[in-house]
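Report on one structure; see the data block that follows.
The values are calculated or read from the model by the stated rules, or taken from the named source; none is laboratory data. On a predicted model such as this, the values are computed, not experimentally measured, just so you know. Here the Cβ positions follow ideal geometry from the backbone for every residue, glycine too, while neighbour counts run over all protein chains shown. Side chains are part of the model used for accessible areas, which takes the heavy atoms of the whole protein and leaves out ligands, DNA and RNA. Shrake-Rupley method; radii C 1.70, N 1.55, O 1.52, S 1.80 Å.
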Amino acid sequence: MKLKITILAGDGIGPEVTHEAVNILRTVAEFGQHDFTFTEALLGGVSITATGTPIPQATIDACLASDAVFLGAVGDNKFNALPPHERPEAGILQIRQHLGGFANLRPSVAYPALAENSPLRAEITEGVDILFIRELLGGLYFGAPRWWNKETNEAINTMRYTRDEVVRVARIAFELAGKRKKKVTSVDKANVLEVSQLWRATVTEVAKDYPEITLEHQLVDSMAMHLMNTPRSFDVVLTENLFGDILSDESGVITGSLGMLPSATIGGKVNLYEPVHGSAPDIAGTGKANPLGAILTAALLLRHSAGLEAEATAVESAVFHVLAAGHRTADIARGTTAQHHVVTTSQMGKLVHEALAHILDRRQAMHAV
Ligand code: IPM
Ligand code: MN
(Lines give C-alpha, C1' and ligand atoms only; values in the text may rest on other atoms or scores of the structure.)
(Ligands and ions follow the chains in the order given, each with its own letter.)
Protein backbone atom coordinates (compact mmCIF):
# COMPACT_ATOMS: atom_id res chain seq x y z
CA MET A 1 0.00 0.00 0.00
CA LYS A 2 1.39 3.37 -1.10
CA LEU A 3 0.20 6.59 0.49
CA LYS A 4 1.38 10.18 0.16
CA ILE A 5 0.45 12.09 3.30
CA THR A 6 0.79 15.85 3.72
CA ILE A 7 1.38 16.94 7.31
CA LEU A 8 0.15 20.33 8.48
CA ALA A 9 1.37 20.32 12.08
CA GLY A 10 0.29 23.93 12.69
CA ASP A 11 0.53 25.84 15.96
CA GLY A 12 0.66 25.32 19.73
CA ILE A 13 0.40 21.65 20.64
CA GLY A 14 -0.26 20.78 16.96
CA PRO A 15 3.35 19.72 16.19
CA GLU A 16 3.66 17.73 19.46
CA VAL A 17 0.56 15.61 18.94
CA THR A 18 1.18 15.27 15.20
CA HIS A 19 4.65 13.88 15.89
CA GLU A 20 3.12 11.04 17.93
CA ALA A 21 0.44 10.33 15.33
CA VAL A 22 3.02 10.17 12.53
CA ASN A 23 5.11 7.75 14.62
CA ILE A 24 2.10 5.47 14.85
CA LEU A 25 1.57 5.61 11.08
CA ARG A 26 5.26 4.79 10.60
CA THR A 27 4.90 1.78 12.90
CA VAL A 28 1.98 0.48 10.82
CA ALA A 29 3.90 1.10 7.59
CA GLU A 30 6.95 -0.74 8.87
CA PHE A 31 5.01 -3.81 10.01
CA GLY A 32 2.96 -4.10 6.84
CA GLN A 33 5.78 -2.97 4.54
CA HIS A 34 3.60 -0.14 3.33
CA ASP A 35 5.12 2.82 1.57
CA PHE A 36 3.87 5.90 3.45
CA THR A 37 5.58 9.19 2.62
CA PHE A 38 5.19 12.30 4.76
CA THR A 39 5.60 15.85 3.44
CA GLU A 40 5.33 18.81 5.78
CA ALA A 41 3.67 22.06 4.73
CA LEU A 42 2.81 25.32 6.47
CA LEU A 43 -0.65 26.25 7.74
CA GLY A 44 -1.96 28.65 10.37
CA GLY A 45 0.06 30.97 12.61
CA VAL A 46 3.41 29.39 11.71
CA SER A 47 2.57 30.13 8.10
CA ILE A 48 1.61 33.75 8.80
CA THR A 49 4.96 34.22 10.54
CA ALA A 50 6.96 32.56 7.75
CA THR A 51 5.09 33.71 4.65
CA GLY A 52 2.60 36.43 5.65
CA THR A 53 -0.46 34.32 4.88
CA PRO A 54 -2.24 31.55 6.83
CA ILE A 55 -2.21 29.27 3.79
CA PRO A 56 0.36 29.66 1.01
CA GLN A 57 -0.27 28.28 -2.48
CA ALA A 58 2.52 25.73 -1.95
CA THR A 59 0.47 24.19 0.89
CA ILE A 60 -2.66 23.98 -1.24
CA ASP A 61 -0.68 22.35 -4.07
CA ALA A 62 1.01 19.85 -1.75
CA CYS A 63 -2.31 18.87 -0.16
CA LEU A 64 -4.09 18.45 -3.48
CA ALA A 65 -1.24 16.26 -4.74
CA SER A 66 -1.46 13.89 -1.79
CA ASP A 67 -3.65 10.93 -0.85
CA ALA A 68 -4.47 12.23 2.62
CA VAL A 69 -3.84 15.34 4.69
CA PHE A 70 -3.17 15.27 8.44
CA LEU A 71 -3.65 18.52 10.33
CA GLY A 72 -2.50 19.02 13.94
CA ALA A 73 -4.11 22.25 15.18
CA VAL A 74 -3.93 25.94 14.34
CA GLY A 75 -4.48 29.14 16.30
CA ASP A 76 -2.25 31.51 18.21
CA ASN A 77 -3.28 34.33 20.56
CA LYS A 78 -0.74 36.57 18.81
CA PHE A 79 -3.17 36.92 15.92
CA ASN A 80 -6.38 37.54 17.89
CA ALA A 81 -6.72 41.12 16.65
CA LEU A 82 -6.72 40.14 12.96
CA PRO A 83 -9.93 39.99 10.92
CA PRO A 84 -11.24 36.41 10.38
CA HIS A 85 -9.82 36.00 6.85
CA GLU A 86 -6.27 36.81 7.99
CA ARG A 87 -6.26 34.69 11.14
CA PRO A 88 -4.61 31.24 11.45
CA GLU A 89 -8.10 29.65 11.45
CA ALA A 90 -8.66 30.98 7.92
CA GLY A 91 -6.00 28.49 6.87
CA ILE A 92 -8.12 25.57 8.11
CA LEU A 93 -11.29 26.87 6.51
CA GLN A 94 -9.55 27.36 3.17
CA ILE A 95 -7.86 23.98 3.14
CA ARG A 96 -11.23 22.38 3.93
CA GLN A 97 -12.71 24.17 0.92
CA HIS A 98 -9.86 23.24 -1.41
CA LEU A 99 -9.98 19.57 -0.43
CA GLY A 100 -13.76 19.56 -0.77
CA GLY A 101 -14.68 17.09 1.98
CA PHE A 102 -18.14 18.01 3.26
CA ALA A 103 -18.74 15.24 5.80
CA ASN A 104 -16.73 15.61 8.99
CA LEU A 105 -16.91 12.39 11.01
CA ARG A 106 -16.35 12.91 14.72
CA PRO A 107 -16.65 9.67 16.70
CA SER A 108 -17.22 10.05 20.41
CA VAL A 109 -16.53 6.86 22.32
CA ALA A 110 -16.59 6.46 26.11
CA TYR A 111 -13.55 4.45 27.17
CA PRO A 112 -14.41 2.41 30.29
CA ALA A 113 -10.97 3.20 31.75
CA LEU A 114 -11.80 6.92 31.63
CA ALA A 115 -15.23 6.66 33.26
CA GLU A 116 -13.98 8.43 36.39
CA ASN A 117 -12.62 11.23 34.30
CA SER A 118 -16.02 12.40 33.08
CA PRO A 119 -18.07 14.64 35.36
CA LEU A 120 -21.03 12.49 34.24
CA ARG A 121 -21.80 9.37 36.26
CA ALA A 122 -20.39 6.14 34.84
CA GLU A 123 -23.91 4.70 34.42
CA ILE A 124 -24.63 7.59 31.99
CA THR A 125 -21.45 7.33 29.90
CA GLU A 126 -21.12 3.53 29.89
CA GLY A 127 -21.21 2.15 26.35
CA VAL A 128 -21.57 5.52 24.62
CA ASP A 129 -20.54 5.31 20.97
CA ILE A 130 -21.74 8.25 18.91
CA LEU A 131 -20.68 9.22 15.42
CA PHE A 132 -21.23 12.91 14.83
CA ILE A 133 -21.44 13.87 11.19
CA ARG A 134 -20.84 17.57 10.93
CA GLU A 135 -21.50 19.27 7.58
CA LEU A 136 -18.23 21.09 6.99
CA LEU A 137 -18.50 23.35 3.96
CA GLY A 138 -21.72 25.31 4.45
CA GLY A 139 -23.68 27.30 6.99
CA LEU A 140 -22.41 30.33 8.88
CA TYR A 141 -18.76 29.48 8.27
CA PHE A 142 -18.97 30.15 4.55
CA GLY A 143 -22.28 31.94 3.84
CA ALA A 144 -22.22 35.40 2.21
CA PRO A 145 -22.69 38.22 2.97
CA ARG A 146 -20.37 38.45 5.93
CA TRP A 147 -18.90 41.66 7.30
CA TRP A 148 -18.36 43.88 10.33
CA ASN A 149 -19.00 47.57 9.73
CA LYS A 150 -17.09 49.42 12.42
CA GLU A 151 -18.72 52.76 11.50
CA THR A 152 -22.30 51.59 11.95
CA ASN A 153 -21.45 48.97 14.57
CA GLU A 154 -23.29 46.32 12.64
CA ALA A 155 -22.08 42.86 11.66
CA ILE A 156 -23.55 40.02 9.66
CA ASN A 157 -22.98 36.34 8.93
CA THR A 158 -25.21 34.18 6.80
CA MET A 159 -26.43 30.68 7.50
CA ARG A 160 -27.12 29.25 4.07
CA TYR A 161 -27.67 25.72 2.77
CA THR A 162 -28.88 24.34 -0.54
CA ARG A 163 -30.91 21.17 -0.82
CA ASP A 164 -28.03 19.40 -2.61
CA GLU A 165 -25.60 20.24 0.18
CA VAL A 166 -27.95 18.65 2.69
CA VAL A 167 -28.69 15.61 0.50
CA ARG A 168 -25.04 14.65 0.06
CA VAL A 169 -24.13 14.80 3.75
CA ALA A 170 -27.39 13.11 4.78
CA ARG A 171 -26.60 10.19 2.44
CA ILE A 172 -23.28 9.66 4.19
CA ALA A 173 -25.06 9.68 7.57
CA PHE A 174 -27.61 7.05 6.48
CA GLU A 175 -24.95 4.89 4.79
CA LEU A 176 -22.76 4.89 7.91
CA ALA A 177 -25.73 4.31 10.22
CA GLY A 178 -26.45 1.18 8.16
CA LYS A 179 -23.13 -0.25 9.37
CA ARG A 180 -23.85 0.71 12.99
CA LYS A 181 -26.99 0.77 15.15
CA LYS A 182 -29.19 2.00 12.30
CA LYS A 183 -30.32 5.23 13.85
CA VAL A 184 -29.82 8.82 12.65
CA THR A 185 -30.58 11.83 14.84
CA SER A 186 -30.72 14.99 12.74
CA VAL A 187 -30.16 18.19 14.71
CA ASP A 188 -31.49 21.59 13.65
CA LYS A 189 -33.36 24.66 14.86
CA ALA A 190 -36.42 24.18 12.67
CA ASN A 191 -38.73 25.96 15.14
CA VAL A 192 -37.00 29.26 14.30
CA LEU A 193 -34.79 29.06 11.19
CA GLU A 194 -35.83 28.60 7.55
CA VAL A 195 -32.46 27.06 6.81
CA SER A 196 -33.25 24.40 9.41
CA GLN A 197 -36.68 23.81 7.90
CA LEU A 198 -34.99 23.11 4.57
CA TRP A 199 -32.51 20.87 6.41
CA ARG A 200 -35.27 18.88 8.15
CA ALA A 201 -37.43 18.50 5.03
CA THR A 202 -34.44 17.33 2.99
CA VAL A 203 -33.17 14.83 5.57
CA THR A 204 -36.73 13.43 5.88
CA GLU A 205 -36.86 12.99 2.12
CA VAL A 206 -33.44 11.28 1.92
CA ALA A 207 -34.51 8.93 4.74
CA LYS A 208 -37.11 7.38 2.41
CA ASP A 209 -34.25 5.68 0.54
CA TYR A 210 -33.11 4.04 3.79
CA PRO A 211 -36.18 2.30 5.26
CA GLU A 212 -34.02 0.18 7.58
CA ILE A 213 -32.70 3.30 9.35
CA THR A 214 -34.68 5.02 12.11
CA LEU A 215 -34.64 8.81 11.75
CA GLU A 216 -35.36 11.23 14.58
CA HIS A 217 -35.15 15.02 14.61
CA GLN A 218 -33.94 17.05 17.58
CA LEU A 219 -33.76 20.78 18.13
CA VAL A 220 -30.20 21.82 18.88
CA ASP A 221 -30.97 23.39 22.28
CA SER A 222 -32.66 20.31 23.72
CA MET A 223 -30.09 18.10 21.97
CA ALA A 224 -27.36 19.82 23.99
CA MET A 225 -29.21 18.61 27.10
CA HIS A 226 -30.09 15.10 25.86
CA LEU A 227 -26.45 14.56 25.00
CA MET A 228 -25.56 14.88 28.67
CA ASN A 229 -28.64 13.04 30.03
CA THR A 230 -28.97 10.07 27.68
CA PRO A 231 -25.87 9.93 25.45
CA ARG A 232 -26.25 6.17 24.97
CA SER A 233 -29.50 6.70 23.07
CA PHE A 234 -27.62 8.22 20.10
CA ASP A 235 -25.91 6.44 17.23
CA VAL A 236 -25.26 8.74 14.23
CA VAL A 237 -25.87 12.45 14.88
CA LEU A 238 -26.15 14.51 11.71
CA THR A 239 -25.99 18.28 11.84
CA GLU A 240 -24.90 21.51 10.18
CA ASN A 241 -21.52 23.14 10.53
CA LEU A 242 -21.77 25.35 13.63
CA PHE A 243 -24.12 23.06 15.59
CA GLY A 244 -21.70 20.21 14.89
CA ASP A 245 -18.75 22.28 16.05
CA ILE A 246 -20.48 22.99 19.35
CA LEU A 247 -22.01 19.55 20.01
CA SER A 248 -18.78 17.70 19.23
CA ASP A 249 -16.88 19.74 21.82
CA GLU A 250 -19.69 19.09 24.28
CA SER A 251 -19.28 15.37 23.69
CA GLY A 252 -15.73 15.72 25.02
CA VAL A 253 -17.44 15.70 28.42
CA ILE A 254 -18.59 12.12 27.76
CA THR A 255 -15.16 10.86 26.77
CA GLY A 256 -13.54 12.74 29.63
CA SER A 257 -11.50 15.13 27.50
CA LEU A 258 -11.56 17.00 24.23
CA GLY A 259 -8.04 15.62 23.83
CA MET A 260 -9.49 12.17 23.09
CA LEU A 261 -11.56 13.11 20.04
CA PRO A 262 -10.49 12.36 16.44
CA SER A 263 -12.02 13.46 13.15
CA ALA A 264 -11.98 12.56 9.47
CA THR A 265 -13.42 14.62 6.65
CA ILE A 266 -14.56 12.65 3.63
CA GLY A 267 -16.48 13.14 0.42
CA GLY A 268 -14.10 15.49 -1.39
CA LYS A 269 -10.97 15.20 -3.54
CA VAL A 270 -8.61 14.39 -0.67
CA ASN A 271 -9.62 13.32 2.84
CA LEU A 272 -8.58 15.56 5.71
CA TYR A 273 -7.77 14.24 9.19
CA GLU A 274 -7.65 16.47 12.25
CA PRO A 275 -8.14 15.96 15.97
CA VAL A 276 -11.14 17.90 17.28
CA HIS A 277 -9.13 19.85 19.88
CA GLY A 278 -7.40 23.17 19.21
CA SER A 279 -3.83 24.43 19.52
CA ALA A 280 -4.01 24.92 23.34
CA PRO A 281 -1.23 27.55 23.41
CA ASP A 282 -1.36 27.59 27.24
CA ILE A 283 0.12 24.07 27.47
CA ALA A 284 2.25 24.04 24.30
CA GLY A 285 5.76 22.80 25.01
CA THR A 286 4.93 21.54 28.52
CA GLY A 287 4.48 17.85 27.62
CA LYS A 288 0.89 18.02 28.91
CA ALA A 289 -0.85 17.67 25.54
CA ASN A 290 -2.84 14.48 25.03
CA PRO A 291 -1.73 12.87 21.75
CA LEU A 292 -4.54 10.28 21.78
CA GLY A 293 -6.95 12.46 19.76
CA ALA A 294 -4.27 12.76 17.08
CA ILE A 295 -3.37 9.05 17.30
CA LEU A 296 -7.03 8.04 16.97
CA THR A 297 -7.20 10.43 14.01
CA ALA A 298 -4.31 8.46 12.46
CA ALA A 299 -6.47 5.34 12.93
CA LEU A 300 -9.25 7.03 10.96
CA LEU A 301 -6.73 7.79 8.21
CA LEU A 302 -5.78 4.12 8.06
CA ARG A 303 -9.48 3.22 7.86
CA HIS A 304 -10.76 5.80 5.39
CA SER A 305 -7.74 6.57 3.18
CA ALA A 306 -5.56 3.44 3.34
CA GLY A 307 -8.30 0.82 3.54
CA LEU A 308 -6.33 -0.77 6.39
CA GLU A 309 -9.26 -1.61 8.65
CA ALA A 310 -7.40 -4.23 10.71
CA GLU A 311 -4.55 -1.80 11.36
CA ALA A 312 -6.98 0.99 12.26
CA THR A 313 -8.62 -1.32 14.79
CA ALA A 314 -5.18 -2.32 16.09
CA VAL A 315 -4.34 1.34 16.80
CA GLU A 316 -7.67 1.79 18.59
CA SER A 317 -7.04 -1.36 20.65
CA ALA A 318 -3.56 -0.12 21.52
CA VAL A 319 -5.08 3.10 22.91
CA PHE A 320 -7.64 1.03 24.80
CA HIS A 321 -4.88 -1.10 26.38
CA VAL A 322 -2.70 1.84 27.36
CA LEU A 323 -5.65 3.51 29.11
CA ALA A 324 -6.70 0.26 30.76
CA ALA A 325 -3.15 -0.10 32.07
CA GLY A 326 -3.62 3.21 33.89
CA HIS A 327 -1.52 5.62 31.84
CA ARG A 328 -2.89 9.16 31.72
CA THR A 329 -1.91 12.52 30.27
CA ALA A 330 -2.72 15.49 32.51
CA ASP A 331 -6.13 16.20 30.92
CA ILE A 332 -7.42 12.69 31.68
CA ALA A 333 -5.84 12.33 35.10
CA ARG A 334 -8.93 13.37 37.06
CA GLY A 335 -9.70 10.86 39.79
CA THR A 336 -6.18 9.52 39.39
CA THR A 337 -5.44 6.80 41.90
CA ALA A 338 -2.25 5.03 42.89
CA GLN A 339 -2.72 2.62 39.98
CA HIS A 340 -2.69 5.49 37.55
CA HIS A 341 0.43 6.89 36.06
CA VAL A 342 0.59 10.44 34.67
CA VAL A 343 2.78 10.65 31.57
CA THR A 344 3.92 13.27 29.06
CA THR A 345 2.85 13.62 25.45
CA SER A 346 5.84 11.70 24.11
CA GLN A 347 5.66 9.01 26.80
CA MET A 348 2.01 8.43 25.91
CA GLY A 349 2.98 8.20 22.23
CA LYS A 350 5.66 5.66 23.06
CA LEU A 351 3.27 3.57 25.17
CA VAL A 352 0.76 3.39 22.32
CA HIS A 353 3.57 2.51 19.92
CA GLU A 354 4.66 -0.37 22.19
CA ALA A 355 1.12 -1.66 22.63
CA LEU A 356 0.56 -1.46 18.88
CA ALA A 357 3.84 -3.22 18.07
CA HIS A 358 2.79 -5.97 20.49
CA ILE A 359 -0.61 -6.39 18.78
CA LEU A 360 0.93 -6.38 15.29
CA ASP A 361 3.67 -8.81 16.37
CA ARG A 362 1.14 -11.25 17.76
CA ARG A 363 -0.87 -11.03 14.57
CA GLN A 364 2.16 -11.72 12.43
CA ALA A 365 3.05 -14.71 14.59
CA MET A 366 -0.49 -16.04 14.17
CA HIS A 367 -0.31 -15.73 10.41
CA ALA A 368 3.08 -17.48 10.36
CA VAL A 369 1.74 -20.73 11.86
C1 IPM B 1 -12.83 22.61 14.85
C2 IPM B 1 -12.29 23.98 15.16
C3 IPM B 1 -12.35 24.83 13.89
C4 IPM B 1 -13.82 24.97 13.50
C5 IPM B 1 -11.69 26.22 14.00
C6 IPM B 1 -10.28 26.15 14.52
C7 IPM B 1 -11.75 26.96 12.71
O8 IPM B 1 -12.97 24.54 16.22
O9 IPM B 1 -12.29 21.94 13.96
O10 IPM B 1 -13.78 22.18 15.51
O11 IPM B 1 -14.53 25.82 14.04
O12 IPM B 1 -14.25 24.20 12.64
MN1 MN C 1 -14.38 23.19 17.20
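Evaluating residue 224 against the criteria (1) over 19 Å from residue 173 (Cα atoms); (2) touching a helix residue (DSSP H, G or I) at 6+ places or on another chain (Cβ under 8 Å); (3) outside the structural domain of residue 124 (by TED's automatic domain parsing) leaves one unmet condition, (3). Of all residues in segment 301-314, one or more are part of a helix (DSSP H, G or I), in contact with a Gly (Cβ under 9 Å, 6 or more places away or on another chain) and among the acidic types (Asp, Glu).
Among the listed residues 317, 251, identify the single one that is away from ligand 2 (no atom under 16 Å from the Cβ) and on the phi < 0 side of the Ramachandran plot.
Working: 251 fails: away from ligand 2 (no atom under 16 Å from the Cβ).
When all the criteria are applied, what remains is 317.
Hey, does segment 171-179 have a residue that's surrounded by fewer than 15 Cβ atoms within 10 Å (Cβ to Cβ) and assigned to a strand (DSSP E or B)? No, segment 171-179 contains no residue that is surrounded by fewer than 15 Cβ atoms within 10 Å (Cβ to Cβ) and assigned to a strand (DSSP E or B).
Only one residue in 105, 93, 114, 137 is buried (at least 20 other Cβ atoms within 10 Å of the Cβ), within 16 Å of ligand 2 (Cβ to nearest atom) and outside any strand (DSSP E or B), so which one is that?
The match here is 137.
Where strands (runs of 3 or more DSSP E) fall entirely within segment 180-299, those with at least 3 residues that are within 16 Å of ligand 1 (Cβ to nearest atom) are at 264-266, 271-273.
A single member of 51, 6, 59 is in the same structural domain as residue 262 (by TED's automatic domain parsing) and without any contact (Cβ under 8 Å) to a residue 24 or more places away in the chain, and it is 51.
For segment 271-284, the count of residues that are more than 13 Å from ligand 2 (Cβ to nearest atom), closer than 28 Å to residue 65 by Cα, surrounded by 19 or more Cβ atoms within 10 Å (Cβ to Cβ) and not hydroxyl-bearing (Ser, Thr, Tyr) is nonzero.
Please list, ordered by first then second residue, the pairs with beta carbon atoms under 8 Å, 6 or more apart or interchain, first in segment 285-302 and modelled with pLDDT of 95 or more, second of a type in the set (Phe, Trp, Tyr). Note: pairs meeting the criteria are 297/70; 297/273; 298/70; 298/273; 300/273; 301/70; 301/273. Looking only at segment 140-170, which residues are among the aromatic types (Phe, Trp, Tyr) and not in a strand (DSSP E or B)? Passing the criteria: 141, 142, 161. Restricting attention to segment 47-90 and to residues that are farther than 17 Å from residue 281 by Cα and within 16 Å of ligand 2 (Cβ to nearest atom), the residue that is least open to solvent (accessible area, probe 1.4 Å) turns out to be 90. Of the residues making up segment 180-193, those that are open to solvent by less than 10 Å² (accessible area, probe 1.4 Å) and closer than 30 Å to residue 145 by Cβ are 186, 187, 188. Is it true that some residue in segment 245-265 is among the small types (Gly, Ala, Ser), in the same structural domain as residue 99 (by TED's automatic domain parsing), touching a helix residue (DSSP H, G or I) at 6+ places or on another chain (Cβ under 6 Å) and surrounded by fewer than 18 Cβ atoms within 10 Å (Cβ to Cβ)? No - not one qualifying residue is present in segment 245-265. If you filter segment 33-46 down to residues that are closer than 22 Å to residue 301 by Cβ and either polar (S, T, N, Q) or not in a loop (DSSP other than H, G, I, E, B) (or both), you find that the one that is most open to solvent (accessible area, probe 1.4 Å) is 33. Looking across segment 221-248, just one residue is aromatic (Phe, Trp, Tyr) and within 16 Å of ligand 2 (Cβ to nearest atom), and that is 243.
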